[in-house]
Amino acid sequence: MKAPVPTTGKAAFADAASPGWMRFLFAPRPLLLLLAISGAIGAAHVLTMFSWRFVLGTAGFWTFPRGTVPGSQSDMAGALVGYLYFLKAGWNLPLLHVSRLAFPGGSNVFWLDSVPSLALLGRVLREITGQTVNLYGLYMFLAFALPGVAMTWVLAIAGQRHVVAAVAAALIADAVPYLLFEWGHVALCGQVLTIFALALYLLALRDGAGARIRGAWLALLIFAFLSNMYLFVMVGGIWTAGIVQRALNRREPLRGLWIEAAMAIGSVVALALLMGILSLQDRGAGTMGFTIFSMNLGSPLIPQLSGAIPPLRHYWIGTHSQVLTYVGLGALLVVLFAVPGMLRWLQAGALRRHAALLAVMAGYYMFALSTKITLGSHVLLNVPLPHGVAYALGAFRSSGRFFWPIGFAAMALAILTILRTSRPPVALAVLALGGVLQMIDVGPIRRAVAASTLHPVPYVLDDAAIARVLDRAQGVKVFPSFLCVNARLHGRSPPWRIAARLLQANIEIQLLAARRNLPINSELNARIYIDCAAEARAAAKPLHPGIAYVYLVPRPGEPPAGTDGCRTIGWARVCLPAAYAAGAGAGSGRN
């Protein structure tokens, strides 16, 4: 006997007395056709934001990429730095370790949010073609075009295999504000993985976990793991819910479920060891500030940055450090309309049939709120945590992100409920209105994303002049390094008055070095500790031939007195010691 999952009802289909066009819209269709329809809608939507040159990774934007989400001024460029270094590194163990970034210790690109799965594919392509291919444009195209495809698959598994379901899924899922809002955090735009996880969850409950489903789960877990830790935990939670629910259903031997779980967990752990993610040097440390990047209680339900309600075009509930989790006006309409049917569904036994998944979603919701619950600007509850606990939770300090799978699950359930419980004309009207409102509502965010891709971020340094120096160097040292900028500026007021300029300059130098495959001492990795005092002492030591030194905030002793080959480029001091024969290292250190 198959595990019960939501299936279609007679009301979902137009009867013989309905107009021909209505019967056409609700007639059962092949799954591949429905996926193609939702994929075409998703592609058209994405191409309103991205040009083909952007997708192919050749647009000028990629010279210094930057998104629109607050706090991401350097994140996308920093991820690209890790990607470029990894593509040019040799094959070694651990696989994700690159020695030339954060030289001499090296770095693991997993912690740079460089999407390791994409970097591995890029390196394979480079081995085959000899060309460095930027795959980030294609990744973003798929990340924003596939949510509707995944949602269509979820609805099809639940019995809704018709055009209305595919179109509604695409219009609503592709235009979720909290998805497009993450533009700038490359890896975190892969939220579609959580929708695919929901599809596999339903398949496993319906058919049992045969070899194909187990293989699909393993592939999804690995891809999520090699994309981003947040997404991996979200996908992993849904996978765990599926295992537990199947155990509760008592339709499969517990021994088989234990073996299935052990194989998946063992595979991920082995992969982590192979990639170097679990090494002592490249671990993901916790941080403080667990409650800062939480979810505001009203964020999912209150229209924000809305294109459908002009007075709310610039409104954002709570503080700008909190994670935006607004689902969109169209999704809100669909969910609210479906609430009575959803409640009846829960009362009809869904609490028992999906107890494990509901428990996981409840846990995600509480974690998203954190221990400091806010509504607008009001703090409703604040539970202090012991220092050690707060630090450990800080490994996922942007806890508000854990609402994402809840939002997608609510959208899928609402669409399904409307299709199962409403007469076809009513279902069509509600879903059409919801889809149109969703696309209109996300308009301001979509236009901001599109505008950001038209041009690269203007350099704050004279990149051409610095590039000419780096062309004659064998390595680069920049002071202060990225993670020591704030420490260097403590108590000072530099002429430009903002640390952002120094941070951008640091990333500019990293990009210039990455494109030349030159060792550099700096990196953007918030999960490691840098001894900035020791770095400051090293900045005053005699310079080594062959190394280009860039002093972004020169102070007494930097560069050391009597150093040859120094000149001022813009507001930075750049040195290439004269003892290094000009051209001796040209082209060295590259591959």
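Please treat every number below as a calculation from the coordinates, not as lab data. This is a predicted model, so every value here is computed, not measured. Glycine gets a Cβ as well: all are built from the backbone with ideal geometry, and neighbour counts include every protein chain shown.
Side notes on the structure shown:
- For Val476, the residues whose amide H sits under 5 Å from its own are Ile520, Asn521, Ala548, ignoring neighbours fewer than 5 places away on the same chain, with H placed 1.01 Å from N.
- Computed extension gain for Leu138 through Arg567, at 0.36 nm per residue and net of the alpha carbon distance, reaches 150.4 nm.
- In plain terms, the chain from Leu31 to Ala392 could stretch by 125.6 nm, reckoned as 0.36 nm per residue minus the Cα-Cα distance.
- Alpha carbon Rg of the stretch 28-106, scaled by the compact-globule rule 2.2 N^0.38 Å: 1.60
- The angle separating the long axis of helix 192-207 from the principal Cα axis of greatest extent in the chain is about 40 degrees.
- Acute angle (nearest 10 degrees) that the helix 229-249 long axis makes with the longest principal axis of the chain, alpha-carbon atoms: 30 degrees
- With Cα atoms, 0 to 90° folded angle of helix 31-46 axis to the chain main axis: 40 degrees
- Here r is the Cβ-Cβ distance between Ala44 and Asp531 and R0 is 41 Å; the resulting FRET efficiency, rounded to 0.05, is 0.20.
- Principal axis box of the stretch 71-139, alpha-carbon based, largest edge first, Å: 36, 30, 16
- In order through the stretch 373-378: 3J(HN,Hα) via Karplus (6.51 cos²θ - 1.76 cosθ + 1.60), integer Hz, x for Gly, Pro: 8, 10, 10, x, 9, 9
- Of (i) 25.8; (ii) 32.1; (iii) 26.6, the label for Kirkwood radius over Cα pairs in Å derived from the coordinates: (i)
- Legend: ranking of residues Arg250, Arg555 from fewest to most surrounding C-beta atoms inside 10 Å; resulting order Arg250, Arg555.
- Net length gained if the chain between Lys372 and Arg250 were fully extended (0.36 nm per residue, minus Cα distance): 40.0 nm
- Shape of the stretch 463-575, Cα gyration tensor, a/c cut at 1.5: rounded
- Listed by chain and number, the aspartates and glutamates whose alpha-carbon sits under 19 Å from that of Lys541, ignoring those within fewer than 8 places in the same chain, are Asp531, Glu558, Asp564.
- P(r) weight above 17 Å for the stretch 402-511, C-alpha pairs, percent: 74 percent
- Ranked packing of 128-139, 143-154, most packed first, by mean Cβ within 10 Å: 143-154, 128-139
- Of the peptides 365-375, 392-402, the ranking by mean beta-carbon count within 10 Å, highest at the top, reads 392-402, 365-375.
- Given R0 = 56 Å, the distance between the Cβ atoms of Arg214 and Arg555 translates into a calculated FRET efficiency of 0.40.
- Cysteines not pairable in the chain (beta carbon separation under 4.7 Å absent): Cys189
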